[in-house]
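Visitor: Have a look at the structure that comes next, please.
What follows is calculated from the coordinates using simple rules that are stated; it is not laboratory data. If you're wondering where the values come from, they're calculated on a predicted model, not measured in any experiment. As a convention, Cβ positions derive from the backbone with ideal geometry for all residues, glycine included, and neighbour counts pool all protein chains shown.
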Amino acid sequence: MAKRLSREELYELVWSEPMKILAPRFGISDVALKKACARAEISTPGLGHWAKKAAGKSTSQVEFAERPPGMDDEILIGAGVGYWHSGWREEELLAALPAPPEFEEPIERVRERIATTVGKLTVPREVRIA
């Protein structure tokens, strides 16, 4: 069954229990859940994390990363890649468009993050086709 979650909700879920236990709730495999997390740029526990935790050893959790520019904050889990609309009800699809979103983060900060992520771009003077 397809379910819509925020990136933060999914992050909390994957760090709360093993994916082999979590994935069947969405009707998908643990591999599909890991791929969904990768597409949403959500870190997941590494190999042996849950075994170490069960043995009482110390484990570390990767911090929740900010959403990259242009990425949606909601994720559709368990719908299949080609069925983007399957998690939406007909009323939602046919309803009037919502008001434009308001963002807490100023656009200048977003531009700084993009510049940091992309880095310095260099453009060659000549383009050669080999």
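Visitor: Could you list, in sequence order, the residues of region 5-55 that are part of a helix (DSSP H, G or I), out of contact with any Leu (no Cβ under 9 Å at 6 or more places or on another chain), among the small types (Gly, Ala, Ser) and under 13 Å from Gly78 (Cβ atoms)?
Guide: Across region 5-55, the qualifying residue is only Ala32.
Visitor: For Val110, which of the numbered conditions (1) of a type in the set (A, V, I, L, M, F, W, C); (2) assigned to a loop (DSSP other than H, G, I, E, B); (3) more than 26 Å from Trp15 (Cβ to Cβ) fails to hold?
Guide: (2)
Visitor: Do you know which of the residues in region 96-116 that are of a type in the set (A, V, I, L, M) and surrounded by fewer than 10 Cβ atoms within 10 Å (Cβ to Cβ) is nearest to the chain's Cα centre (by Cα)?
Guide: Here is the first cut: in region 96-116, the residues of a type in the set (A, V, I, L, M) are 96-97, 99, 107, 110, 114-115.
Within this subset, residues satisfying the condition of being surrounded by fewer than 10 Cβ atoms within 10 Å (Cβ to Cβ) are 96-97, 99, 107.
On the way: Ala96: 27, Leu97: 24, Ala99: 24, Ile107: 21 Å.
Only one residue fits best here, namely Ile107.
Visitor: Scan region 82-95 and tell me whether some residue there is touching a helix residue (DSSP H, G or I) at 6+ places or on another chain (Cβ under 9 Å) and surrounded by 10 or more Cβ atoms within 10 Å (Cβ to Cβ). Please lay out each step first, then the result.
Guide: Start the filter on region 82-95 by keeping residues that are touching a helix residue (DSSP H, G or I) at 6+ places or on another chain (Cβ under 9 Å), which leaves 85.
Remaining after also requiring surrounded by 10 or more Cβ atoms within 10 Å (Cβ to Cβ): 85.
Yes; the residues of region 82-95 include at least one that is touching a helix residue (DSSP H, G or I) at 6+ places or on another chain (Cβ under 9 Å) and surrounded by 10 or more Cβ atoms within 10 Å (Cβ to Cβ).
Visitor: Hey, could you check region 1-55 for residues that are of a type in the set (Lys, Arg) and closer than 27 Å to Glu92 by Cβ and say which is surrounded by the most Cβ atoms within 10 Å (Cβ to Cβ)?
Guide: Going through region 1-55, the residues of a type in the set (Lys, Arg) turn out to be 3-4, 7, 20, 25, 34-35, 39, 52-53.
After this cut, where a residue has to be closer than 27 Å to Glu92 by Cβ as well, the list is 3-4, 7, 25, 35, 39.
Details: Lys3: 15, Arg4: 12, Arg7: 20, Arg25: 14, Lys35: 13, Arg39: 11.
The extreme case among them is Arg7.
Visitor: Every residue in region 117-130 that is more than 20 Å from Asp73 (Cβ to Cβ) and under 23 Å from the mean Cα position of the chain (by Cα), please.
Guide: First, the residues of region 117-130 that are more than 20 Å from Asp73 (Cβ to Cβ): 118-130.
Within region 117-130, Val118, Gly119 qualify.
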